[in-house]
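Here's the structure, in structure tokens; my notes come after.
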Amino acid sequence: MRDDEIACATLLDWLEGRLPDDASAAVAERVRNGGPDLRETVGWLREFLEFTRTHWLHDVPPIVGQSLREAFDQHRRGGEAPAPRRIRPTLLFDSRSERELVGVRGGPMHRAGDVIHLAYTCPDADLLLDVTVRPTGDLDLAGQVFGRGGPGPPVFEATVHAGGRTSRSVDGDDLGRFRFTHQPVPLERLTATNGDIVLDVALDVGRP
Amino acid sequence: MDTDIDQRASTLSGTTTHVSARSDAELLQACREGDAAAWGDLVRRYERLVFSVALRNGLPRPDAADVTQSTFLALLESMGSMKDDHRLSSWLMTVARRKAWRLRARAAREIPNGTDGFREGTAADGVQGWEREADLYDALVALGSPCNELLHGLYLDPEEPSYATLARRFDRSVGSIGPMRGRCLQRLRGLLGEDAR
């Protein structure tokens, strides 16, 4: 093999630091003494590696693909997409009420690690929420929407109003799950939409 | 309550770039004729590029998702009048970048002290880096499967999957990944107009 004929894979191993010291030194020596073609190849590989280090391609939240599929269907049919229906689901279950029933003391908000389970229902969907108290006193909120009565879009985008602040989550998955972390108290309101419906629930969690 | 909602709601990890056999021009033409599958292919081909452009221009994920969506909606509206179907990546990046800038400018105006609190873009987001990214992305698409997916996994995936993970994904031995990436990069270099060795 001539000095300027080092396999591309070997050059990459060298540039990426995957070779043992002695093999790495040998490749470095051959590159130093190599011809212009070899140096050009090394230069191109270095440039590629440097470029890709700052140009990652991030996965896109599933809600984007879902919305764009619907937008295309709407475009094909012509006309404007109807506004999503706003629904206020009814509270079905609140674990804090259960605690009161069995005589557990401790007030409406609890210690670090305590979890409040909430369930809401409406004709279109059920909504489950778990609120967890963090050691710092702020809250994590995990939710899941179970659609009913039809194959509506499964991915939900959620917005939570907490402590005077609004946060939005676009990272819901195709099981209808979403999550917020480090929310200030109190949790006041949550909305979740899949483009067809907007579930809107008033929350009362973490008030002194 | 026995649910699994405490599991992390996350985007699918370890996904690979979807590679449609059809060219951009063919997909665009099919979209104009109302082919929803072609639209899905087009979105899957470029959504990560557009989303990453928005993130690199300093937007948080929810805003970057909005920019991605509105960029593709702009494509949907403009498809009938597009003059060059062969430079779609550049077109999408241009629109996404402009939308990201506008969003940042609007956010900055809404914040009393005039700073928007967003991250600064990197030098690599300059025009030169931007054009190179479009070229690179086009070449990766042209490279096809499995090189497209392999190079994406090795060099463009922020999860940085290990060789072992990639070997499982491609149903190959770990030892074959290194030589395969060498061959794929040589082909990529050829497609980018260099003399592949």
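How do the strands (runs of 3 or more DSSP E) wholly within the stretch A:132-191 filter down when requiring 3 or more residues that are open to solvent by 20 Å² or more (accessible area, probe 1.4 Å), without any contact (Cβ under 8 Å) to a residue 40 or more places away in the chain and out of contact with any Phe, Trp or Tyr (no Cβ under 8 Å at 6 or more places or on another chain): which remain?
Here the list reads A:165-169.
List the helices (runs of 4 or more DSSP H) inside the stretch B:128-197, counting only whole elements, that have at least 2 residues being surrounded by fewer than 17 Cβ atoms within 10 Å (Cβ to Cβ) and more than 9 Å from every other protein chain (Cβ to nearest Cβ). Show your work before the answer.
Working: elements: B:147-151, B:163-170, B:174-191.
Result: B:163-170, B:174-191.
Can you pull out the residues in the stretch A:117-131 that are under 18 Å from A:Asn194 (Cβ atoms) and either open to solvent by 40 Å² or more (accessible area, probe 1.4 Å) or not small (Gly, Ala, Ser) (or both)?
Quick first cut of the stretch A:117-131, residues under 18 Å from A:Asn194 (Cβ atoms) only: A:120-129.
Residues satisfying the conditions are A:Tyr120, A:Thr121, A:Cys122, A:Pro123, A:Asp124, A:Asp126, A:Leu127, A:Leu128, A:Leu129.
So which residues in the stretch A:49-62 are more than 7 Å from chain B (Cβ to nearest Cβ) and either hydrophobic (A, V, I, L, M, F, W, C) or touching a Pro at 6+ places or on another chain (Cβ under 7 Å) (or both)?
At the first step, the residues of the stretch A:49-62 found to be more than 7 Å from chain B (Cβ to nearest Cβ) are A:49-50, A:53.
A:Leu49 - this is the single residue of the stretch A:49-62 that is more than 7 Å from chain B (Cβ to nearest Cβ) and either hydrophobic (A, V, I, L, M, F, W, C) or touching a Pro at 6+ places or on another chain (Cβ under 7 Å) (or both).
The values are calculated or read from the model by the stated rules, or taken from the named source; none is laboratory data. Note that the coordinates shown come from a computational prediction; the quantities given were computed from them, not determined experimentally. When we count neighbours, we look across all protein chains shown, and the Cβ atoms used for this are built from the backbone with ideal geometry, even at glycine. With ligands, DNA and RNA removed, areas are computed over all heavy atoms of the protein, side chains included. Shrake-Rupley method; radii C 1.70, N 1.55, O 1.52, S 1.80 Å.
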